[in-house]
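Right, one structure below, let's go through it.
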Amino acid sequence: MQGVYYTSIEDMPLYNWHKCLNGDFYYVRVDTKQSDLPECEKAFEKVYESYMNEFGIDKTYKRQIELIKKIALLQCDYLVTKDQFKLTQIEVENAKLEMQKGDLKNSITLQQTLIYLSKWIGYRLDWKQITVYEYYTILEESSKQAKNG
């Protein structure tokens with residue numbers, strides 16, 4: 001790989017992380033020169049791996065995976081048994097999955113989250129300055145604080 005890339009969530013700014021998550025992998029570069037997209041994608045995979053190693057899979061995403069797994073198992077059961085009730089169960093689980101996806105669309109934006117976290121922490125969090133690691137650590141701590149009252 002040519003060029004200089006961010007290598008982990010500890011050095012990548014949140015702004016660049018957000019851009020990469022939305023498919024603009026060029027933001028994985030430390031400098032501003034354009035590079036081949038496949039190289040940028042490979043570099044971002046390494047950064048994303050550091051995120052997964054540190055924070056794991058999000059609870060919401062886990063629930064979606066569990067629903068998809070349940071739907072797949074019901075579909076297999078239907079193919080084996082031809083039980084029509086399985087089709088009803090599949091429809092119910094699909095509806096749950098769609099509702100969960102809709103809930104995600106209505107959730108607050110990253111910028112709104114930064115505003116709330118800034119209020120909680122007592123100073124402005126700039127998404128071009130804060131690293132991905134710092135952001136998710138602060139987010140986890142604020143969630144713990146909210147649960148503990």
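The values are calculated or read from the model by the stated rules, or taken from the named source; none is laboratory data. Because the structure is a prediction, the values reported are computed rather than measured. Counting neighbours? That spans all protein chains shown, and the Cβs are built from the backbone with ideal geometry, glycine included.
Six or more apart or on different chains, Cβ under 7 Å: which pairs go from a residue in the stretch 53-65 that's within 23 Å of Glu10 (Cβ to Cβ) to one that's part of a helix (DSSP H, G or I) and modelled with pLDDT of 75 or more? Could you list them?
Here the result reads Glu54/Tyr133; Phe55/Tyr136, each pair linking the stretch 53-65 to a residue that is part of a helix (DSSP H, G or I) and modelled with pLDDT of 75 or more.
Can you say whether Thr113 is hydroxyl-bearing (Ser, Thr, Tyr), at pLDDT below 80, within 17 Å of the chain's Cα centre (by Cα) and part of a helix (DSSP H, G or I), as far as the supplied structure shows?
Spelling it out, it is not the case that Thr113 is hydroxyl-bearing (Ser, Thr, Tyr), at pLDDT below 80, within 17 Å of the chain's Cα centre (by Cα) and part of a helix (DSSP H, G or I).
For the stretch 93-106, state whether one or more residues are over 22 Å from the mean Cα position of the chain (by Cα) and touching a residue at least 12 places away in the same chain (Cβ under 8 Å).
yes
Among Gln89, Gln112, which is closer than 29 Å to Ile9 by Cβ and not aliphatic (A, V, I, L, M)?
Gln112
Regarding the stretch 81-90, can at least one residue be identified that is within 23 Å of Ser143 (Cβ to Cβ) and among the polar types (S, T, N, Q)?
No.
Here's the yes/no breakdown for (1) surrounded by fewer than 19 Cβ atoms within 10 Å (Cβ to Cβ); (2) modelled with pLDDT under 90; (3) in a loop (DSSP other than H, G, I, E, B):
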| site | (1), (2), (3) |
| --- | --- |
| Gly3 | yes, yes, yes |
| Ile9 | no, no, yes |
| Asn16 | no, no, no |
| Lys19 | yes, no, no |
| Lys33 | yes, yes, yes |
| Glu39 | yes, yes, no |
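Is there a residue being over 21 Å from the mean Cα position of the chain (by Cα) and in a helix (DSSP H, G or I) anywhere in the stretch 121-140?
yes
Hey, does the stretch 82-97 have a residue that's of a type in the set (Phe, Trp, Tyr) and either closer than 22 Å to Asn22 by Cα or out of contact with any helix residue (DSSP H, G or I) (no Cβ under 7 Å at 6 or more places or on another chain) (or both)?
yes
Is there a residue in the stretch 74-86 that is part of a loop (DSSP other than H, G, I, E, B) and on the phi > 0 side of the Ramachandran plot?
Yes, because at least one residue in the stretch 74-86 is part of a loop (DSSP other than H, G, I, E, B) and on the phi > 0 side of the Ramachandran plot.
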